[in-house]
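The values are calculated or read from the model by the stated rules, or taken from the named source; none is laboratory data. Computed from a predicted structure; not experimentally measured. When we count neighbours, we look across all protein chains shown, and the Cβ atoms used for this are built from the backbone with ideal geometry, even at glycine.
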Amino acid sequence: MKYLRWLMMMFSAMPLLAIACGPSPQKVSKEITIHAEPATVWAMVRDFGAMQKWHPDVLVSKLENKPDTEGKAANFRTLTLKNGGSITEKQRETQAEEMKLGVVMIEGDIAVSSYSDAISVKPSQVAGETVVTWVGRFNNKANAMQAPAGQDNAAAIAAVSAHYGAGLQGLKQVLEMAH
């Protein structure tokens, strides 16, 4: 009898376990090869306050150095987008030797939540070429398993994919025109 009661209690708790789980984290990774030296590409990517120079969807990038939630000085940028939206991000890490820039989104008019990304710059197998990889991890905007349309995983993946695709193409165009 105790075993039966235990089983009933366990099965009645299962729906609560499903509710306790949040949305599955999503990931987008885009890569492009640019006909420019890695140092030249890195110089443009690492300039945290100048994304408008290469991303066609960014109208203005405003850089601020201010305390973060832990009171430590940090770089923040607010990107004003051409569609009228904005995104505020914190520079999470800059690894100069590895040529990697990490960012976390504080808030933004994009279909994601809990967003972080990293852009890495690496020499290609071909001299004078560079491979740039942009990887982001995030949840949908609603931060829910059953999110409404426009705030669901599909919308989040589409928004990030479009942002990365346009940005990488813009970076390539700017750097290869300068070459």
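General remarks:
- Pairs are defined by a Cβ separation below 6 Å, a sequence spacing of at least 6 or placement on different chains, a first member in region 162-173 that is over 16 Å from A111 (Cβ atoms) and in contact (Cβ under 8 Å) with a residue 12 or more places away in the chain, and a second member that is of a type outside the set (S, T, Y) and surrounded by fewer than 21 Cβ atoms within 10 Å (Cβ to Cβ); the pairs so defined are L168/K30; L168/I32; G170/W54; G170/P56; L171/W54; K172/I32.
- Among the residues of region 49-59, some residue qualifies, meaning at least one is in a strand (DSSP E or B) and within 16 Å of the chain's Cα centre (by Cα).
- As a summary of the residue check, K2 satisfies the conditions (1) loosely packed, with under 11 Cβ neighbours inside 10 Å; (2) under 20 Å from the mean Cα position of the chain (by Cα); (3) at pLDDT below 95 except for the one numbered (2).
- Close pairs from region 112-138: first in a loop (DSSP other than H, G, I, E, B), partner of a type in the set (S, T, N, Q), Cβ under 7 Å, at least 6 apart: S124/T33; S124/T130; E129/T33
- Of all residue pairs spaced 6 or more apart or on separate chains, those with beta-carbon atoms under 6 Å, a first member in region 95-110 that is assigned to a strand (DSSP E or B) and a second member that is surrounded by fewer than 18 Cβ atoms within 10 Å (Cβ to Cβ) and among the β-branched types (V, I, T) are L101/T94; I106/T88; E107/T88.
- For region 157-171, the criterion of being more than 21 Å from Q52 (Cβ to Cβ), modelled with pLDDT of 95 or more and over 17 Å from the mean Cα position of the chain (by Cα) is met by no residue.
- Some residue of region 55-71 being closer than 22 Å to I157 by Cα and either exposed (fewer than 15 other Cβ atoms within 10 Å of the Cβ) or among the charged types (D, E, K, R) (or both): yes
- Condition check for A154: without any contact (Cβ under 8 Å) to a residue 60 or more places away in the chain, under 12 Å from the mean Cα position of the chain (by Cα) and part of a helix (DSSP H, G or I): no
- Residue match in region 60-70 (condition: in contact with a Gly (Cβ under 6 Å, 6 or more places away or on another chain) and modelled with pLDDT of 95 or more): yes
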